[in-house]
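**Q** Next up is a structure, given as structure tokens.
The values are calculated or read from the model by the stated rules, or taken from the named source; none is laboratory data. Just so you know, these numbers come straight off a predicted model, no measurement behind them. A quick note on method: Cβ atoms are made from the backbone with ideal geometry, for glycine too, and the neighbour counts reach across all protein chains shown.
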Amino acid sequence: ETQTAPEHYDLILTGDLGKVGSKLLYDLLEKEYNINIRKVHNDTGLMMYYPDKQDVHAGGSGCG
């Protein structure tokens, strides 16, 4: 709605999408809206947990 490009932001942060949800978000935004947020996006679920040591594919606090 604001027509602001993702690159305008330092960080676009999501709550707990994990690897699976982040990929779904990227795919949806790119397919439906032609928006790519990969360079400025991070997910707190992936930041708080250890993806290489814990099963956080579908969110750190979720189903795993």
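**Q** Name the pairs whose Cβ atoms lie under 8 Å apart, with the first residue in the stretch 26-50 and closer than 20 Å to Thr4 by Cβ, the second hydrophobic (A, V, I, L, M, F, W, C) and in a loop (DSSP other than H, G, I, E, B), and 6 or more positions between them or separate chains?
**A** Tyr26/Ile37; Leu29/Ile35; Leu29/Ile37; Val40/Leu11; His41/Leu11; Asn42/Leu11
**Q** So how many residues does the stretch 1-24 have that are within 21 Å of Ala58 (Cα to Cα), out of contact with any strand residue (DSSP E or B) (no Cβ under 7 Å at 6 or more places or on another chain) and part of a helix (DSSP H, G or I)?
**A** 5
Listed here are the residues, each with its yes/no results for (1) modelled with pLDDT under 95; (2) exposed (fewer than 14 other Cβ atoms within 10 Å of the Cβ); (3) of a type in the set (Ser, Thr, Tyr).
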{"residue": "Gln3", "(1), (2), (3)": "yes, yes, no"}
{"residue": "Leu11", "(1), (2), (3)": "no, yes, no"}
{"residue": "Gly18", "(1), (2), (3)": "yes, no, no"}
{"residue": "Tyr26", "(1), (2), (3)": "no, no, yes"}
{"residue": "Leu29", "(1), (2), (3)": "no, no, no"}
{"residue": "Glu32", "(1), (2), (3)": "no, yes, no"}
{"residue": "Val40", "(1), (2), (3)": "no, no, no"}
{"residue": "Met48", "(1), (2), (3)": "yes, yes, no"}
{"residue": "Gly62", "(1), (2), (3)": "yes, no, no"}
